Amino acid sequence: MEPKILFLCVIFLLFVSSSSIETMKKKTYIIQLHPNSQTAKAFPSKLDWHLSFLQEAVLGVQEEGEEEEPSSRILYSYASAIEGFSAQLTESEAETLKNIPEVVAVRPDHVLQVQTTYSYKFLGLNGPGNSGVWSKSRSGRGTIIGVLDTGVWPESPSFDDTGMPSPPSKWKGVCQEGESFTSSSCNRKLIGARFFIRGHRVANSPLDSPNMPREYISARDSTGHGTHTASTVGGSSVSTASVLGNGAGVARGMAPGAHVAVYKVCWFNGCYSSDILAAIDVAIQDRVDVLSLSLGGFPIPLYDDTIAIGTFRATEHGIAVVCAAGNNGPIASSVANTAPWVSTVGAGTVDRKFPGVVRLANGKLLYGESLFPGKGLKKAERVLEVVYVAGGDRGSEFCLRGSLPKETVQGKMVICDRGVNGRSEKGQAVKEAGGVAMILANTEINQEEDSVDVHLIPATLIGYEESVVLKGYVRDTVRPKARLIFGGTVIGRSRAPEVAQFSARGPSLANPSILKPDLIAPGVNIIAAWPQNLGPTGLPYDSRRVNFTVMSGTSMSCPHVSGITALLRSAYPNWSPAAIKSALMTTADLYDRRGKEIRDGEKPAGVFAIGAGHVNPVKAINPGLVYNIQPVDYVAYLCTLGFTRSDILAITHRNVSCGAILRKSPGFTLNYPSISVIFRRGTTKEMITRRVTNVGSPKSIYTLNVKAPKGIKVIVNLKRLVVSHKVAANFADGQLTWVNSQRVRSPISVTLKNH
């Protein structure tokens, strides 16, 4: 998502137009060059070659008297993720570069946003004896997981390296020094750390925010998001983890034996694509095995998507890439990071709750959730008068700071609607106005979403239905009163998994021929590591200190799948990234822990909410069959989409003839683990081809179950497999499940288009 810019136009009595001023203003652009250019050989280094293009552009439009050295304009010189560089250019200089034959594309910099003591148990990773996933995968030993995020707090106990081996000999990374971060900040667990700030800095983005702690110009984490995700993906075992007593237990990452390398690309106001591309570029050279990106924006075409372009090169190097689907659900077609070579992960719930019940004076109970440590505390659970300050233009219904009249809320419990400001920040606003407790009320937008917080005052979150009841009670009662009852931690009494309301939904707007998200994973109320200089809310006025806190989002579900991907990479080091993704998808669950269909609100979850289903690592470690894909297959797939030669060159660095490719492989379809069929106007029949590879028992027999989508007839020409190595199956469409001792399932989506 490109950053929004507000232009304030001031008219001077000068012979310079506002459009001329804007043309001279420098912005960051990413310049992609042809990878096979012969002129590169004439220069002593890649940087010199890249600089020559900048010099040509600058000299072509430079005004008389300008003496700025062009080399000072270059931010990054890329070599692995793409061939090219990022630089500060005026609009006219960018146009000059576009006309140079060896320039493939000139793209403006975009800004993206960042999108456990129990979840490993919920996923069954801690199985008994030698049958457990951790045992079969050696807990991810020998794998290196690269995490692109807000950095890391290296002193967290989750990054203790006791019992960890040295990094693999292939590791080429470094522990980059910076503010409050030295080379000794890394160890055998946290083996590398780097930071990338040039794109952020030249965009004139502030490095500090009044509502956030100070930023570190280093790989040290200032916001907590990166520490949380890095510990989720590969944190060490911590036996005394809790959030102020709630959720107590042993904390472990998904791959506790894996090494972690952190690449800080996100700062207070976002993550710039020039910095992200630089991190991917270096991570490829560092030789990571898995890349985890809990960041993204809104869907954009693949040929304009920096993450898609950079991660294609990572995939070519055998790196498995996992990305967050985004938090713009439940809006249809909101899913981001939809490239077929990445695993796109939505969010689901776990069966752990933190009850915070509202007991009204009329005896009615409203269920809520809270991590406020108030269980059994009389002061926190006392009866209070309830007020709801709505109306006017001060935003008091949202409890904005300074919006609540003290004479109204002093000593009372205040209802605050969700939205506009942060959930925990509302509690601070109530506290500053003299209120002593808060009920955070979901609006119609949030429905029954239950993301909990470690509130600053006694508080709980209630769903939309409960909020309607509560506000009706307050409206119709002369002196409405209530008390909060905190229930601590409750496990196993609720249905799970369910789809998180905020989890982005398909179909993919930019790429509907691939079903996205690929799958879902735990992403609601996840407890993981936290910087030791922050309170559990992350707010600067929260003086409490913790080693762990709770967060929700597809940012949390992404590292779950990244860690499980590392487990499979450790168990099967020769598998391709596509084979690993296939194992995760074809073994995913469609049913919750009670054996009922996974729910999406009040209805069964559809494929555009959960993709293949909820990740099940116990089954994924032995998938039986996989759908494999080679990088060259993605090129052919892009040809089937009608992409131009220049589009494909921008994405893949391959200058190909789609006509020749499609003549060689008529009727080509990508060997993806899920199946998407688009019927355009006048089309009544489609033929889809898949090839499965046996990775299970050398001699296996599979039978085929087919569940056709409504209104669709399915014809399959192979219903029984007797496999040794590889088999091929052609079919029209439907839900396919190969069955023997395990089930290998491919979901199908069917789209009807009138154009």
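The values are calculated or read from the model by the stated rules, or taken from the named source; none is laboratory data. Quick caveat: nothing in here was measured; it's all calculated off a predicted structure. Because the Cβ atoms are built from the backbone with ideal geometry, glycine has one as well, and the counts that use them run over all protein chains shown. With ligands, DNA and RNA removed, areas are computed over all heavy atoms of the protein, side chains included. Shrake-Rupley method; radii C 1.70, N 1.55, O 1.52, S 1.80 Å.
A Cβ distance below 7 Å, combined with a sequence gap of six or more or placement on separate chains, defines the contacts here; from segment 492-515, residues that are under 18 Å from Val615 (Cα atoms) and of a type in the set (Val, Ile, Thr) reach residues that are assigned to a loop (DSSP other than H, G, I, E, B) and open to solvent by less than 10 Å² (accessible area, probe 1.4 Å) in the pairs Val499/Ile598. A residue that is closer than 25 Å to Gly297 by Cα, at pLDDT below 95 and open to solvent by 10 Å² or more (accessible area, probe 1.4 Å) occurs somewhere in segment 583-603.
With the condition kept exactly as written, say whether any residue in segment 300-313 is at pLDDT 95 or above, surrounded by 24 or more Cβ atoms within 10 Å (Cβ to Cβ) and assigned to a loop (DSSP other than H, G, I, E, B). No: segment 300-313 contains no residue that is at pLDDT 95 or above, surrounded by 24 or more Cβ atoms within 10 Å (Cβ to Cβ) and assigned to a loop (DSSP other than H, G, I, E, B).
Hey, could you check segment 266-292 for residues that are within 20 Å of Leu75 (Cβ to Cβ) and either touching an Asp or Glu at 6+ places or on another chain (Cβ under 8 Å) or in a strand (DSSP E or B) (or both) and say which is modelled with the lowest pLDDT?
We begin by selecting, within segment 266-292, every residue within 20 Å of Leu75 (Cβ to Cβ); these are 266-286.
Among the residues that remain, those that are also either touching an Asp or Glu at 6+ places or on another chain (Cβ under 8 Å) or in a strand (DSSP E or B) (or both) are: 266-268, 270-274.
Values: Cys266: 92, Trp267: 90, Phe268: 83, Gly270: 87, Cys271: 91, Tyr272: 93, Ser273: 93, Ser274: 95.
Going through the qualifying residues, I end up with Phe268.
Gly224 falls short on exactly one of the conditions (1) of a type in the set (Gly, Ala, Ser); (2) out of contact with any Leu (no Cβ under 7 Å at 6 or more places or on another chain); (3) at pLDDT below 95, and that condition is (2).
Closer than 30 Å to Ala79 by Cβ, at pLDDT 85 or above and assigned to a loop (DSSP other than H, G, I, E, B): does that describe Leu638? Spell out the reasoning first.
Values: closer than 30 Å to Ala79 by Cβ: yes; at pLDDT 85 or above: yes; assigned to a loop (DSSP other than H, G, I, E, B): no.
Considered against the rule, which asks whether it is closer than 30 Å to Ala79 by Cβ, at pLDDT 85 or above and assigned to a loop (DSSP other than H, G, I, E, B), Leu638 comes out as no.
Taking segment 486-551 and the strands (runs of 3 or more DSSP E) fully enclosed by it, the elements with 1 or more residues that are at pLDDT 90 or above, open to solvent by 10 Å² or more (accessible area, probe 1.4 Å) and among the aliphatic types (A, V, I, L, M) are at 548-551.
Among the criteria (1) touching a Ser or Thr at 6+ places or on another chain (Cβ under 6 Å); (2) not in a helix (DSSP H, G or I), the one Ile580 does not fulfil is (2).
Somewhere in segment 475-483, is a residue open to solvent by less than 10 Å² (accessible area, probe 1.4 Å) and of a type in the set (D, E, K, R)?
Taking segment 475-483 as the starting set, the residues that turn out to be open to solvent by less than 10 Å² (accessible area, probe 1.4 Å) are 480, 482.
Those still in the list that are of a type in the set (D, E, K, R) too: none.
No; the residues of segment 475-483 include none that is open to solvent by less than 10 Å² (accessible area, probe 1.4 Å) and of a type in the set (D, E, K, R).
Every residue, every condition in (1) open to solvent by 20 Å² or more (accessible area, probe 1.4 Å); (2) outside any strand (DSSP E or B), yes or no:
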| position | (1), (2) |
| --- | --- |
| Arg194 | yes, no |
| His200 | no, yes |
| Arg214 | yes, yes |
| Thr229 | no, yes |
| Ser236 | no, yes |
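Collect the residues in segment 432-455 that are crowded, with 20+ Cβ neighbours inside 10 Å and either over 23 Å from the mean Cα position of the chain (by Cα) or of a type in the set (Val, Ile, Thr) (or both), keeping them in residue-number order.
Going residue by residue through segment 432-455, those that are crowded, with 20+ Cβ neighbours inside 10 Å are 433, 435, 437-442, 446, 449-455.
Within segment 432-455, Ala433, Gly435, Ala437, Met438, Ile439, Leu440, Ala441, Asn442, Val452, Val454, His455 meet the criteria.
Of all residues in segment 242-265, which are hydroxyl-bearing (Ser, Thr, Tyr) and either assigned to a helix (DSSP H, G or I) or under 30 Å from Ala579 (Cα atoms) (or both)? Tyr263 - this is the single residue of segment 242-265 that is hydroxyl-bearing (Ser, Thr, Tyr) and either assigned to a helix (DSSP H, G or I) or under 30 Å from Ala579 (Cα atoms) (or both).
Output yes when any residue across segment 631-647 is open to solvent by 60 Å² or more (accessible area, probe 1.4 Å) and closer than 30 Å to Lys136 by Cβ, and no when none is. Scanning segment 631-647 turns up no residue that is open to solvent by 60 Å² or more (accessible area, probe 1.4 Å) and closer than 30 Å to Lys136 by Cβ. State whether the residues of segment 456-464 include one that is under 30 Å from Pro256 (Cβ atoms), open to solvent by less than 10 Å² (accessible area, probe 1.4 Å), of a type outside the set (Phe, Trp, Tyr) and modelled with pLDDT of 90 or more. No, segment 456-464 has no match at all.
Taken over segment 430-456, the criterion of being closer than 12 Å to Gly411 by Cβ and assigned to a loop (DSSP other than H, G, I, E, B) is satisfied by Ala433, Gly434, Gly435, Val436.
Report, by residue number, each residue of segment 671-703 that is over 21 Å from Ala620 (Cβ atoms) and hydrophobic (A, V, I, L, M, F, W, C).
At the first step, the residues of segment 671-703 found to be over 21 Å from Ala620 (Cβ atoms) are 676-689, 699, 701, 703.
Once the filter is applied, which keeps residues that are over 21 Å from Ala620 (Cβ atoms) and hydrophobic (A, V, I, L, M, F, W, C), segment 671-703 yields Val677, Ile678, Phe679, Met687, Ile688, Ile701.
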